[in-house]
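Below: one structure, written as structure tokens.
All of the numbers you see were taken from the coordinates with simple rules; none came from a lab. In this text the structure is predicted, and so the values were computed from the model without any measurement. Positions of Cβ are generated from backbone atoms using ideal geometry, with glycine treated the same way; all protein chains shown enter the neighbour counts.
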Amino acid sequence: MQLSDIHSLILQRINSGVLIVDADINLVYFNRFMESHSQLKSEDVIGQSLFDTFPDAPEKWLKRKIQSVLMLNSPAFSSWEQRQYVFKMRHARPVTTSSEFMAQDITFIPVCNQQSNEVEQVCIVIDDVTDVFFYQEKLKDTLAKLEQVSRMDGLTQVANRRFWEERFKIEFASAVRHQNPLSLIMFDMDKFKQVNDIYGHQGGDLVLVEATRLVQSMLRKEDLLGRYGGEEFGLILPNTGGKGALELAERIRKAFQVHPIKFKEHVIHATMSVGVCELDNNFKKYEDLVTRADLALYQSKRDGRNRTTLYRK
Ligand SMILES: Nc1nc2c(ncn2[C@@H]2O[C@H](COP(=O)(O)OP(=O)(O)OP(=O)(O)O)[C@@H](O)[C@H]2O)c(=O)[nH]1
């Protein structure tokens, strides 16, 4: 098919890649956009196989696509979401993306012989959608961060109460169904009001951050530490019975009491009281564990603080 001057002018100026291949998938047309993005000259590629020109292109897939357009006389489409790019070319957008290559939406259009109406060629139009790719990537990133933030306590970066309770509900149901052990450790800073009074709120905050960091470093992957309230934390221990939980609680408590917290010119020595409870057949909901672990925790406070109590019926 011959291009009129006006068509030719438009195809050369258009801000999309346009290339035409014949039935043997050799190039018969290559517009200026393609030249500038592929760094290939039209006169060097016309008559050449599309796959020799773009050796990185997915040959099998592309052949099938082009042949279906030739056979069925109907257009086909490929989105950047399916394949980020088919023709490896650098994008010219001022945006920085994780990829230096142009994200492409591609339309394959059958080109018919005007006399016989047979499809003889396929016109391939490439739209640079790198901007869309970039913003989609950013959006995904932001959503992932948002989800992360919505689960976390802002100060200590451990699970917030809402997320922690959601997970606890799931762990509780699973432990009951499979008859697996499950334990809960609740711990609360001792005389924390005094810590705040002496070192100020910033000093108090640092104690909470250091405590959670220390505890977190002593846990298994499936354990979940969460901030239950002001200076009270809950630690869910799946597949752990009372004995194991008590041992861990004591290890945590002892490690914390000798953990010096440097704050300005001071070294803060803080302690925690701990309550431990293991799952019992009579418990109907996860809150039953919280109530009992809390009772054990208050017992530790009553007994003089900086100690661990295992809940007993
Ligand atoms: N710095 C800081 N303080 C907090 C935070 N959340 C709660 N608190 C403080 O923690 C203190 C808790 O005080 P109390 O409940 O009287 O308990 P306590 O002084 O730790 O005494 P015992 O628990 O009986 O050992 C209060 O002064 C709260 O203001 C926080 O995020 N940062």
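Quick notes
- Figure legend: label point modelled 7 angstrom from the Cα of LYS254 along Cα→Cβ; no residues of the range 222-238 have amide N under 16 Å from it.
- 222 nm mean residue ellipticity, helices alone, for the chain (DSSP H n ≥ 4; -39,500 (n - 2.57); rounded to 500): -14000 deg cm²/dmol
- Each residue in ASP128, ASP5 was given a count of other beta-carbon atoms within 10 angstrom of its own, and listing them fewest first yields ASP5, ASP128.
- Across LYS65/LYS88; LYS145/LYS285; LYS243/LYS313, pairs whose alpha-carbon gap is larger than 21 Å: LYS145/LYS285
- DSSP-defined antiparallel bridges as percent of all bridges, the range 220-313, nearest 5: 75
- The shape of the range 73-205 comes out oblate: with a ≥ b ≥ c from the C-alpha gyration tensor, a/c is at least 1.5 while a/b does not beat b/c.
- Exposure proxy order (Cβ contacts within 10 Å, fewest to most) of HIS269, HIS91: HIS269, HIS91
- The range 248-312-the range 56-99 distance, computed between alpha-carbon centres (Å): 60
- Sorting ARG93, ARG312, ARG227 by the number of Cβ atoms found within 10 Å of their own Cβ, with the fewest placed first, yields ARG312, ARG93, ARG227.
- A simple count of charges around PHE30, restricted to other residues whose Cβ falls under 12 Å of its Cβ and scoring Lys, Arg +1 and Asp, Glu -1, yields -1.
- Above 14 Å, the calculated P(r) of the range 42-94 contains 64 percent of its Cα-Cα pairs.
- Whether the range 5-137 is rounded, prolate or oblate, judged on the alpha carbon gyration tensor where a/c under 1.5 counts as rounded: prolate
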